[in-house]
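The values are calculated or read from the model by the stated rules, or taken from the named source; none is laboratory data. Predicted, not measured: the structure shown is a model, and the values here were computed from it. Note: ideal-geometry Cβ built from the backbone for every residue, glycine included; neighbour counts use all protein chains shown. The accessibility values were calculated without ligands, DNA or RNA, using every heavy atom of the protein model including side chains. Shrake-Rupley method; radii C 1.70, N 1.55, O 1.52, S 1.80 Å.
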Amino acid sequence: MKDERITKLAAMLIHHSIRLQPKERILIRGHINTKPLLKELIDETYRVGAYPYVELEDDEISRHLLLGNVKEQLDTSSEWALKKYTDIDAVIIITGEENDGEMTDVPVERHRLQGEAMNSSTLFYVNNRRWVLLNYPTNASAQKAGMSFSRYEDFLLNVCTMDYGKMEEALKPLKQLMERTDKVRIISPGTDLTFSIKGMPAIICAGKKNLPDGEVFTAPLKESVNGRITFNTPTTYEGITFSGIELTFRKGKIMKAISNRHSKMHEILDIDEGSRFIGEFAIGINPYILEPMDDTLFDEKISGSLHLALGLAYDEADNGNRSSIHWDMVLIQRPEYGGGDIYFDDVLIRRDGVFILPELRALNPNLLK
């Protein structure tokens, strides 16, 4: 039986996220197990009068390619990808993982080679094309979230089709406040971190780049980060799950890093100079996402959370940091996770996950739903 929520999701992606116009060309990248959504997206694209192009991906095939790739091979792939992204107007990327550990035995050096080689083509479409990234429900992602497949499917489809227009309006005062702010201070158990966002743009994320969505992001001035932060959610990077992450910064650089996978973490931090600096700071506000699922697309949007990303800064909020990695790490500040405060220029704006300032109260879950 056809699930009308998938039809609704396809329409949201085409009309709200991508804003596709007649005769535009859209690339739709998806795993083989995302076919129900792929078919709806193709049909909706044709209804608009635009032209769909589809790429199917497979994690096992990708792993085999990664294990043997060399620079000359990747340079050719990058050239092809850049030409492809030059020829299209928009991109939809649908992930549908079958096995979260598929890439676990791929050496870090292989990931680094691919990241460096594909960086130019990826940055081209990220900064020059309309794009959106989302997950599709699979048994593997349901298992990682600790849910039955049926419950996870309901959760994902419902949260991806919420009223993102309402969210976008509610986020505007937070964007304006961040763009007036110099000093940020974050306090939580094991955390006392300060940095400056003076002069940096703040970007609203309300269904235009990610689904699910719900954040405003910017970037700290690169050398302004000082203090310590302890993250209370797990994060998987390159197929390896890290927890208990504590980072200590001095003049923007990570000087000390602790986690459950100490040596592997330092391999990643030493990939290049930019991997020890912060490329993003964001505040999460999605009222329907409350618990971590070790899935960045969801966890970075958790109501009452914030996150920092090690490595590459986005062009939209560019602090000059360059790296082949962009690794998001999430801190939840609601009371059941230990609580915590965010201060902007010494003014408390959020305590224990609840916004205090009158102009920001529309972002609290009881009003945003």
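Given Cβ point charges of +1 (Lys, Arg) and -1 (Asp, Glu) and nothing else, what value in debye, to the nearest 20, does the dipole of the chain about its Cα centre take? Before the final figure, lay out each step's value.
Working: 45 positive and 56 negative charges, 182 e Å.
Magnitude of the dipole: close to 880 debye.
Only helical DSSP H runs with n ≥ 4 go in: add -39500 (n - 2.57) per run for the chain, normalise by residue count and round the 222 nm mean residue ellipticity to 500 deg cm²/dmol. Present the calculation step by step, with values, prior to reporting the outcome.
Values: 11 runs with 123 residues, N = 369.
That comes out to -10000 deg cm²/dmol.
Any idea how far the Cα center of the range 154-213 sits from the one of the range 33-67, in Å?
29 Å
Considering only 312, 343, 279, whose Cα is most displaced toward the positive end of the charge dipole of the chain, charges sitting on Cβ of Lys, Arg (+1) and Asp, Glu (-1)?
Farthest towards the positive pole: 343.
Report the convex hull volume per residue for the range 273-326, counting only C-alpha atoms, in Å³.
In the range 273-326, the Cα convex hull volume per residue is 82 Å³.
For the range 157-283, which semi-axes, largest first and in whole Å, follow from the square roots of 5 times the eigenvalues of its Cα gyration tensor?
Over the Cα atoms of the range 157-283, the semi-axes work out to 27, 20, 13 Å.
Give the residue from 266, 226, 239 lying farthest towards the positive end of the charge dipole for the range 220-271; charges sit on Cβ (+1 for Lys and Arg, -1 for Asp and Glu) and the dipole is referred to the Cα centre.
Comparing the listed Cα positions along the dipole, 226 ranks first.
Which of 62, 77, 28 sits farthest toward the positive end of the charge dipole of the range 1-95, with +1 on the Cβ of Lys and Arg and -1 on the Cβ of Asp and Glu?
Value computed over the given set: 28.
By DSSP, what percent of the beta bridges with both residues in the chain are antiparallel, rounded to the nearest 5? Please report the intermediate quantities before stating the final value.
On the way: 51 of 72 bridges.
Close to 70 percent.
When you take every Cα atom in the range 9-131, what is the radius of gyration, and what is Dmax, the widest Cα pair distance, in Å?
15.6, 44
What does the convex hull of the Cα atoms of the range 140-230 come to per residue, in Å³, rounded to a whole number?
Numbers: hull volume 12.6 nm³, N = 91.
Enclosed volume per residue, from the Cα hull, is 138 Å³.
Under 5 Å between amide hydrogens, which residues at least 5 positions from residue 260 or on another chain qualify, with H placed 1.01 Å from N in the peptide plane?
Distant-sequence amide H within range of residue 260: 243.
With the other protein chains left in place, how much accessible area per residue, in square angstrom, belongs to the range 29-91 at a 1.4 angstrom probe? Don't jump to the answer; show the numbers that get you there.
Working: 3550 Å² over 63 residues.
Computed with neighbouring chains in place, this is 56 Å² per residue.
First measure r as the distance between the Cβ atoms of residue 183 and residue 158, then evaluate 1/(1 + (r/R0)^6) with R0 = 25 Å and state the FRET efficiency to the nearest 0.05. Don't skip to the end; give the middle numbers.
Values: r = 38 Å, r/R0 = 1.52.
That pair, residue 183 with residue 158, gives E of 0.05.
Order of 159-165, 361-367, 303-309 by packing, highest average Cβ count within 10 Å first? Present the calculation step by step, with values, prior to reporting the outcome.
Values: 159-165: 17.9, 361-367: 15.9, 303-309: 24.7.
So the peptides 159-165, 361-367, 303-309, ranked by packing, come out 303-309, 159-165, 361-367.
So if R0 is 56 Å, what FRET efficiency would residue 226 and residue 51 give, r being the distance between their Cβ atoms, rounded to the nearest 0.05? Intermediate values should be presented prior to the final figure.
On the way: r = 50 Å, r/R0 = 0.90.
Step by step, r from the Cβ atoms, then E = 0.65.
Pull out the extension gain between residue 264 and residue 176, defined as 0.36 nm times the separation in residues minus the alpha carbon to alpha carbon distance; nm, one decimal. Can you show the working numbers first?
Numbers: separation 88, 0.36 × 88 = 31.68 nm, distance 3.90 nm.
Computed gain between residue 264 and residue 176 is 27.8 nm.
Give the dimensionless ratio obtained when the Cα radius of gyration of the range 5-74 is divided by 2.2 N^0.38 Å. Numbers along the way, then the final one.
Numbers: Rg = 15.1 Å, N = 70, 2.2 N^0.38 = 11.1 Å.
So the Cα radius of gyration is 1.36 times the expected 2.2 N^0.38 Å.
How many percent of the alpha carbon pairs in the range 200-271 exceed a separation of 18 Å? Can you show the working numbers first?
Numbers: 1430 of 2556 pairs.
Tail fraction, whole percent: 56.
Full extension from residue 169 to residue 316: what is 0.36 nm times the residue separation minus their Cα-Cα distance, to one decimal in nm?
Computed gain between residue 169 and residue 316 is 51.0 nm.
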